[in-house]
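The values are calculated or read from the model by the stated rules, or taken from the named source; none is laboratory data. Predicted model only: the values in this text are computed from it and were never measured. So basically every Cβ, Gly included, is an ideal-geometry build from the backbone, and we count neighbours across all protein chains shown. In case anyone asks, the SASA skips ligands and DNA or RNA and just uses the protein heavy atoms, side chains included. Shrake-Rupley method; radii C 1.70, N 1.55, O 1.52, S 1.80 Å.
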2 protein chains.
Amino acid sequence: MNKRNDLGTEPCPVARSISVVGDRWSLLLVRDAFDGVCRFSDFQRSLGVARNILAERLRRLVDAGILETRPGSNGGAHQEYVLTAQGQSLFPVVVALRQWGERHLFEQGEPHSELVEKSTGQPLHFMAPQAADGRPISPGDTEVRKLA
Amino acid sequence: MNKRNDLGTEPCPVARSISVVGDRWSLLLVRDAFDGVCRFSDFQRSLGVARNILAERLRRLVDAGILETRPGSNGGAHQEYVLTAQGQSLFPVVVALRQWGERHLFEQGEPHSELVEKSTGQPLHFMAPQAADGRPISPGDTEVRKLA
DNA sequence: CAGTATCCCTCAAGATACTG
DNA sequence: CAGTATCTTGAGGGATACTG
């Protein structure tokens, strides 16, 4: 039934999210934006993606309300791409992917970049779903209630 | 520099994770697996994906150590696909995508499926990164330390 | 520098027929 | 039912030349 791109109308929030940021580049652009990257050529150098693709992805992220453009902080003519509030709320997604990758996609002792708290220099605590009272919740404790 | 598929060798854990589960179907299969789906035709009906694509994706997820096959719980000939421990540890990723989608990709009052704790029936608490002492951490409080 | 405009090509994905 | 085999299509993406 899924012809091509109708994930965006599915009733499942996971499917809709994937329809917006579930491609090869979008979340990497968001990651770079969290890391302070905001200019076209810096994204381009960071990812090595073709310029036309980069332009289209940035446009899509702006259209989706994840990035917005600004006139450029210095007096220069170039504009900047910065995360909106909605884009910043992708932080848990990026952190979750990062933590999973750190645990399962690197060999023992293989170096990788790490996300730390600026003020303490400490890596982030492992992020896990929890109940309203703070108890950690494992997958088996949950179920999906349709169309709540 | 990124020719085609060399995301899997990047030093950034986010990029590596995306190289494994960053396509249109993988995380939806994982979501379904969390939801108890374990048979080929059930995945197929749930996603509407073509059978050859489904077969290849399942194989890739098995190769990646995210799913494993079992002889089938009843006496039947069919095998089942179940999450490994590594696959179960994708739970925060799926939950993060779900929560972001719920907040930003549905209209006010538009119904969507919801992830609740079985024992209480309550939706999960909002999941956010935090420091080792439990303080919530926002994106601006963090920085990436290269090759730690 | 920050894109746009083309051209081309590969691969993901769909459709369908077939098999143990 | 659980796939495999084959064919076709189209979108995603790369390379490069060009523009304000």
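Kindly indicate whether any position in the range A:34-43 is of a type in the set (A, V, I, L, M, F, W, C), within 21 Å of B:Trp100 (Cβ to Cβ) and within 12 Å of DNA strand C (Cβ to nearest atom). Scanning the range A:34-43 turns up at least one residue that is of a type in the set (A, V, I, L, M, F, W, C), within 21 Å of B:Trp100 (Cβ to Cβ) and within 12 Å of DNA strand C (Cβ to nearest atom). For beta carbons closer than 7 Å, sequence separation of 6+ or different chains, a first residue in the range A:35-54 that is within 20 Å of A:Gln88 (Cα to Cα) and without any contact (Cβ under 8 Å) to a residue 60 or more places away in the chain and a second that is open to solvent by 50 Å² or more (accessible area, probe 1.4 Å) and more than 11 Å from DNA strand C (Cβ to nearest atom), the qualifying pairs are A:Val37/A:Ser46.
Test A:Glu117 against the criterion of being open to solvent by less than 20 Å² (accessible area, probe 1.4 Å) and facing chain B (nearest Cβ under 7 Å), and give yes or no. Yes. Of all residues in the range A:120-141, those satisfying the criterion of being open to solvent by less than 40 Å² (accessible area, probe 1.4 Å) and more than 7 Å from chain B (Cβ to nearest Cβ) are A:Gly121, A:Gly134. If we scan the range B:90-112, do we find a residue that is of a type in the set (D, E, K, R), more than 8 Å from chain A (Cβ to nearest Cβ), in contact with a strand residue (DSSP E or B) (Cβ under 8 Å, 6 or more places away or on another chain) and open to solvent by 40 Å² or more (accessible area, probe 1.4 Å)? No: zero hits. Note on the range B:11-59: residues that are under 30 Å from A:Pro111 (Cα atoms) and among the acidic types (Asp, Glu) amount to 1.
Is it true that B:Gln44 is at the interface with chain A (Cβ under 10 Å from one of its Cβ atoms) and open to solvent by less than 60 Å² (accessible area, probe 1.4 Å)?
On the way: at the interface with chain A (Cβ under 10 Å from one of its Cβ atoms): no; open to solvent by less than 60 Å² (accessible area, probe 1.4 Å): yes.
So B:Gln44 fails the test.
Scanning the range B:11-26 for residues that are within 14 Å of B:Glu56 (Cα to Cα) and touching a residue at least 60 places away in the same chain (Cβ under 8 Å) gives a single hit, B:Val21. Within the range A:57-77, if we keep just the residues that are within 13 Å of DNA strand D (Cβ to nearest atom) and surrounded by 13 or more Cβ atoms within 10 Å (Cβ to Cβ), the residue that is farthest from the other protein chains (Cβ to nearest Cβ) turns out to be A:Gly72.
Across the range B:56-74, the number of residues qualifying as within 13 Å of DNA strand C (Cβ to nearest atom) and either closer than 22 Å to A:Ser26 by Cβ or in contact (Cβ under 8 Å) with a residue 12 or more places away in the chain (or both) comes to 4. Among (1) at pLDDT below 95; (2) surrounded by 15 or more Cβ atoms within 10 Å (Cβ to Cβ), where does A:Leu27 come up short? Evaluating A:Leu27 over (1) at pLDDT below 95; (2) surrounded by 15 or more Cβ atoms within 10 Å (Cβ to Cβ) leaves (1) as the failure.
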